Amino acid sequence: MEELLAALRPARARIDLDRLAANYAAVAAHARLPLMPVVKADAYGHGAVPVARALVRAGATMLAVAYPEEGAELRSAGVSVPVIVLAGFAEGQVGLLVRQRLTPIVSTPAQLAALLASAERPAAAHVKVDTGMSRLGFGRDAFVDAALRLSAHGIDVEGAMTHLSSADESPETTAIQLDRFDDALEAVRQRGLQPRLVHAASSAGLPAGRGPHTVARPGLLLYGLRTRPLGPDVDVRPVMTVSAEVSLVKEVPEGTAVSYGGRFVARRPSRIATVPLGYADGVPRTRAMREDGAFAIRGRRSPVAGTVCMDLTMLDVTDDGTVREGDEAVLLGDDPTAWDVAEWAGTNAWQVLTGIGPRVPRVYVEGGRMVEARSRYGGGA
Ligand SMILES: *Cc1c(COP(=O)(O)O)cnc(C)c1O
């Protein structure tokens, strides 16, 4: 493994599987419900397969992905727990769902029709209620109708779910959504169906997992970031640290322009460090990143100097005389956090994490030692 790493460009996303397991335990204790950990989008950039395996070792009895292909990737890696497909499936993917034993969430009339028309059928499905997100899902009556038709067709309506639009911002909106969800659940029960997996809460909504809910669907919290401004006060720590080794430190005279367009001009004799991590790797290329953004070297922040490039970023390390070539410059981890970077980029922590590009090797650490390394250029090690 060391050989593989030595052969790669010195940029890493280090994934701490012990922290992932600790976060899982903390979130499960807080939720007081079984969890359906969300490992979509390559486990928010952390690597779906190693993360799914670690979560199952930590006690997860089911997982959620967004799309069928993501579920199939887990199955190819031998992950055998139930996998729920949150964001939908195309009509042509029913066969894939069945072959890979994936549990679809039925959220559109076309999906309902595809399942009813297909010769192959999944053993179970969940049905989605739109309670105010206005994205996917059925209104109350259409939800009841969809559930009844699936059930009559021999598909177990194992779950009923909805998605909260504003759990991190507005408890009032969440209360309205939960009331609508309760109403839909009541209506389907009156028609004789009893979905066993009833779920609404993602990370921000965990405290809202009340009453009839039997499972929660956290993502972000498991990766160690809390939702903002509202969300559960759970003690979690960031799982991923993205860093790279400083390739070059150069002394430049006052007046020197740095990077494309010369938008940083040294106001004094300066030291500029070049770091091999750019926007293709997930460093946001925004004005605020250029003006407020920083990387941390040995815990001390140095500001970004000039426009972030596709493959490289320059830092003004004039105020940190200790910085040397080969030092580890941290884009995100404990400090700065993905939320800090998100603020500089004018986005959220979800986008920053999922934006860490496939070009960055993922290195997995457990029990204080490296247990796996993955690069898209040369298999697992
Ligand atoms: C992504 C997603 C989640 C997880 O959301 P977090 O905010 O990361 O906890 C839960 N449910 C659905 C439907 C999702 O799409």
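The values are calculated or read from the model by the stated rules, or taken from the named source; none is laboratory data. This is a predicted model, so every value here is computed, not measured. Backbone-built Cβ (ideal geometry, glycine too); neighbour counts: all protein chains shown. Quick note on the areas: whole protein, heavy atoms, side chains included, nothing else; ligands and nucleic acids left out. Shrake-Rupley method; radii C 1.70, N 1.55, O 1.52, S 1.80 Å.
A compact table of results
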read-out	value
Heavy-atom accessible area per residue - the chain, 1.4 Å, Å²	42
Cβ-based charge dipole, the range 63-214, positive-most Cα from Ala124, Tyr67, Ala175	Ala124
Cut-off under 5 Å, modelled amide H: who pairs with Asp130 long-range	Phe138, Gly139
Simple spin-label estimate for Leu230 and Arg324 in nanometres, 7 Å along Cα-Cβ	5.1
Surface share of carbon and sulfur [accessible, 1.4 angstrom probe, percent] for the range 124-215	45
Whole-number D in µm²/s for the chain (Stokes-Einstein; Kirkwood sum over Cα pairs; 10 °C, 1.306 mPa s)	71
Calculated Rg and Dmax of the range 196-324 using C-alpha coordinates, Å	20.4, 68
The chain - charge dipole about Cα centre, Lys and Arg +1 at Cβ, Asp and Glu -1, debye rounded to 20	440
Dimensionless Rg ratio for the range 63-214, taking C-alpha atoms and the 2.2 N^0.38 Å reference	1.01
222 nm mean residue ellipticity, helices alone, for the chain (DSSP H n ≥ 4; -39,500 (n - 2.57); rounded to 500)	-8500 deg cm²/dmol
The range 79-137 and the range 247-314: distance between their alpha carbon centers, rounded to Å	46
